[in-house]
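Written below as structure tokens is the structure these notes are about.
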Amino acid sequence: MKRSALLNWVAAASAVSVGCHASRQSAAAAPEALYQVHAVRFGTLANFPKRSLIAGAPATDSLDIALMVWVVRGGGRAILVDAGFYREKFMRQWKPVDYRKPSEAIDALGIKPEDVTDIVISHIHWDHADGADLFPRAKVWLQREEYEYHISDSGTVKNRSIDAEVAKMFHALKAAGRVNLIDGDAKEIIPGIRVYTGGKHTFASEYVGAATRSGTVILASDNAYLYENLEKQVAINQTLDPASNLAAQARMQALAASPRLVVPGHDAAVFARFPVSAGRVARID
Ligand SMILES: [Zn+2]
């Protein structure tokens, strides 16, 4: 083949491949669901020691922290990120104020427990995972490593980060075929919903990105407890690896369409920074 013919051929081939690529991209982009994201507050833990949240905070500082679940709606789905808690033992031990069961708190958005299609569990701590069985039709998503590190094949506790009843409940959900285990980082589990690991709040805690009209919203859950963690670049106090946690927080801010679209796990200021309806629901996107 002469050089000019070769160049023509290369040009034609690359035009074809660009064409294919473009059409593939538009085919992939078109059906991507755009989600509405709300933070729903289901209670408050009053006078919580700040040092438990922010590494190095003064021992005497305390604050009221918000208990939240996040509702991501779109594409025919109602997805919860985290499920809150309701078991009596946690209520007695932690005495939340202004409390509603997470399954009832979402009625502010017109969602009934049986309407919830999916629950993405960021990590297995009681205040985020205990409520998973309040939603009878939901598929439950969490990292395989998070599950297997904490829960044995018979449903007992392998690591004390998980409560025994929560472990038993997850084991039962799994036996019922309702648990989807996710293998690792940056996985698109549902169109437009992607999960990320590395926050190291627990062994394989994850955070969630949702495609919205404003671009990507990141739900950090406890991988960043407060805005102060994100804005002052301070690791959460409860982490297995502060360096990994800080790297994850920086990555969240890069992944989000804007740093303000990273939602921390327990900061009541979420309800001051975003428009609020019904007193306890903030629209994020
Ligand atoms: Zn936690």
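In segment 45-202, if every C-alpha pair distance is counted and binned at 5 Å from zero, what percent goes to each bin?
2, 8, 17, 20, 20, 16, 11, 4, 1, 0
Nearest 20 debye, what's the magnitude of the dipole of segment 63-222 about its Cα centre given +1 on Lys and Arg Cβ and -1 on Asp and Glu Cβ? Numbers along the way, then the final one.
On the way: 21 positive and 23 negative charges, 39 e Å.
The calculated dipole for segment 63-222 is roughly 180 debye.
Please pull out the direction-averaged projected area of the chain, using the convex hull of its alpha-carbon atoms, in nm² to one decimal place. Provide the component values of the computation, followed by the final result.
On the way: hull surface 73.2 nm².
Its average projected convex-hull area is 18.3 nm².
When the chain is fully extended, how far beyond the present Cα-Cα distance does ALA186 get from LYS101, taking 0.36 nm per residue of separation? Don't jump to the answer; show the numbers that get you there.
Details: separation 85, 0.36 × 85 = 30.60 nm, distance 3.08 nm.
Difference between extended and current length: 27.5 nm.
Give me TRP126, TRP70, TRP94, TRP141 sorted ascending by neighbouring Cβ count inside 10 Å, so fewest comes first.
Numbers: TRP126 19, TRP70 25, TRP94 15, TRP141 22.
By the 10 Å Cβ count, ascending, the order reads TRP94, TRP126, TRP141, TRP70.
Order by neighbour count: LYS50, LYS200, LYS174, LYS232, fewest other Cβ atoms within 10 Å first, most last. Before the final figure, lay out the partial values.
Values: LYS50 20, LYS200 23, LYS174 17, LYS232 9.
Lowest to highest Cβ neighbour count: LYS232, LYS174, LYS50, LYS200.
With Cβ to Cβ distances under 11 Å as the rule, what net charge do the other residues near SER221 carry (K, R +1; D, E -1)? Let's see the in-between values first.
Details: positive: none; negative: ASP82, ASP127, GLU206, ASP222.
Residues close to SER221 contribute a combined charge of -4.
Express as a percent, rounded to the nearest 5, the fraction of DSSP beta bridges in the chain (both residues included) that run antiparallel. Could the numbers behind the result be given before it?
On the way: 37 of 51 bridges.
The antiparallel fraction comes to roughly 75 percent.
Readers should treat all values here as calculations from the given coordinates under stated rules, not as data from a laboratory. Here the structure is a predicted model, which is why all the values come from computation and not from measurement. With ideal geometry, Cβ positions are generated from the backbone for all residues, glycine too; neighbour counts draw on all protein chains shown.
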